[in-house]
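Undergrad: I am attaching a structure below and will ask some questions about it afterwards.
The values are calculated or read from the model by the stated rules, or taken from the named source; none is laboratory data. Everything quoted here is computed from the prediction, not taken from an experiment. Positions of Cβ are generated from backbone atoms using ideal geometry, with glycine treated the same way; all protein chains shown enter the neighbour counts. Ligands, DNA and RNA are stripped out before the accessible areas are found, and what is left, the full protein with its side chains, is counted by its heavy atoms. Shrake-Rupley method; radii C 1.70, N 1.55, O 1.52, S 1.80 Å.
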Amino acid sequence: MNKEEELLRKKSPVSIRNKKASFEYYFVDNFTAGIVLTGTEIKSIRLGKASLSDTYCIVTNGEIWVKGMNISPYLYGSYNNHEMKRDRKLLLTKREIHRLQEMTKQPGFTIVPILVFIDNKGRAKMDIALARGKKEYDKRQTLKEKEDRREIDRVMKHY
């Protein structure tokens, strides 16, 4: 990811994160994918009414799908409203999909959604990562490093 893409994500009016993902997994490779949405879904995302907890991605028939993504119904949607937890198609190149499919065949690898954001053209995008699960002791190490960083920051503020 280059500086321009990173700046775009920070400037985005919407930033929906999967906070558990970095605790549960090591990220091997990151991809940015478009999401196929209906009209009321994009409106709900722009309002920040989506959740990535307990979401995952699968590859079927050369297409990549995100499962378990919760997008709340749009308040003014009436009868046109969408299903909250339907499967949504992600848009990646064939080469990227093939690479993800080959890597997920190896034991311990999965595809995890990390972030949903709105790009500068108003389209919803999703950052996904090819991830490898952490062991229990790795999670404890991550927590210890996080506590150490907090302690250092706290001590440095007093000086």
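Undergrad: Sort out which residues of the range 84-99 are at pLDDT 90 or above and within 24 Å of residue 73 (Cβ to Cβ), and write them in order of number.
TA: First pass over the range 84-99, keeping only residues at pLDDT 90 or above: 87-99.
Selection gives 87, 88, 89, 90, 91.
Undergrad: Search the range 65-82 for residues that are in contact (Cβ under 8 Å) with a residue 12 or more places away in the chain and pair each with any residue that is among the hydroxyl-bearing types (Ser, Thr, Tyr) and in a strand (DSSP E or B) when their beta-carbon atoms are under 7 Å apart and the residues are at least 6 apart or on different chains.
TA: Partner pairs satisfying both residue conditions: 67/56; 68/56; 70/51.
Undergrad: Considering only the range 124-137, I want to know if a residue exists there that is at negative phi, open to solvent by less than 100 Å² (accessible area, probe 1.4 Å) and hydroxyl-bearing (Ser, Thr, Tyr). Explain how you work it out, then say what you get.
TA: Keep residues of the range 124-137 that are at negative phi, which gives 124-137.
Adding the requirement that they be open to solvent by less than 100 Å² (accessible area, probe 1.4 Å) leaves 124-131, 133-134.
So of that shortlist, the ones also hydroxyl-bearing (Ser, Thr, Tyr) come out as none.
Looking for residues that are at negative phi, open to solvent by less than 100 Å² (accessible area, probe 1.4 Å) and hydroxyl-bearing (Ser, Thr, Tyr), one finds none in the range 124-137, hence no.
Undergrad: Which of the residues that make up the range 85-139 are of a type in the set (Lys, Arg), farther than 23 Å from residue 61 by Cβ and under 16 Å from the mean Cα position of the chain (by Cα)?
TA: Answer for the range 85-139, where residues must be of a type in the set (Lys, Arg), farther than 23 Å from residue 61 by Cβ and under 16 Å from the mean Cα position of the chain (by Cα): 123, 132.
Undergrad: Hey, residue 102 hits all of (1) within 27 Å of residue 6 (Cα to Cα); (2) among the acidic types (Asp, Glu); (3) at pLDDT 90 or above but one; which does it fall short on?
TA: Of everything listed in (1) within 27 Å of residue 6 (Cα to Cα); (2) among the acidic types (Asp, Glu); (3) at pLDDT 90 or above, residue 102 misses just condition (1).
Undergrad: Among the residues of the range 95-113, which ones are among the hydrophobic types (A, V, I, L, M, F, W, C) and either open to solvent by 30 Å² or more (accessible area, probe 1.4 Å) or in contact with a Pro (Cβ under 7 Å, 6 or more places away or on another chain) (or both)?
TA: Of all residues in the range 95-113, those among the hydrophobic types (A, V, I, L, M, F, W, C) come to 97, 100, 103, 109, 111-112.
The answer is 103, 109.
Undergrad: Still on this model: Quick one: which strands (runs of 3 or more DSSP E) lie wholly within the range 1-91 and hold at least 3 residues that are out of contact with any Gly (no Cβ under 9 Å at 6 or more places or on another chain)? Lay out the reasoning, then the answer.
TA: Values: elements: 15-17, 25-35, 56-60, 63-67, 88-91.
Output list reads 25-35, 56-60, 63-67.
Undergrad: So which residues in the range 16-39 are surrounded by 18 or more Cβ atoms within 10 Å (Cβ to Cβ), modelled with pLDDT under 90 and not aliphatic (A, V, I, L, M), if there are any at all?
TA: Matches in the range 16-39: 18, 25.
Undergrad: List every residue pair whose Cβ atoms sit under 7 Å apart, with the two residues 6 or more apart in sequence or on different chains, where the first one lies in the range 22-37 and is closer than 30 Å to residue 80 by Cα and among the acidic types (Asp, Glu) and the second, anywhere, is surrounded by 14 or more Cβ atoms within 10 Å (Cβ to Cβ) and at pLDDT below 90.
TA: As it stands, the answer is none, since no pair meets every condition given.
Undergrad: For the range 42-94, enumerate the residues that are of a type in the set (Phe, Trp, Tyr) and surrounded by 15 or more Cβ atoms within 10 Å (Cβ to Cβ). Explain how you work it out, then say what you get.
TA: Pass one, the range 42-94, residues of a type in the set (Phe, Trp, Tyr): 56, 65, 74, 76, 79.
Across the range 42-94, the qualifying residues are 56, 65, 74.
Undergrad: Would it be correct to say that residue 99 is of a type outside the set (A, V, I, L, M) and farther than 29 Å from residue 49 by Cβ? Steps first, answer last, please.
TA: On the way: of a type outside the set (A, V, I, L, M): yes; farther than 29 Å from residue 49 by Cβ: yes.
In short, yes.
Undergrad: Go through the range 64-84 and count every residue that is under 17 Å from the mean Cα position of the chain (by Cα) and over 14 Å from residue 37 (Cβ atoms).
TA: The total comes to 3.
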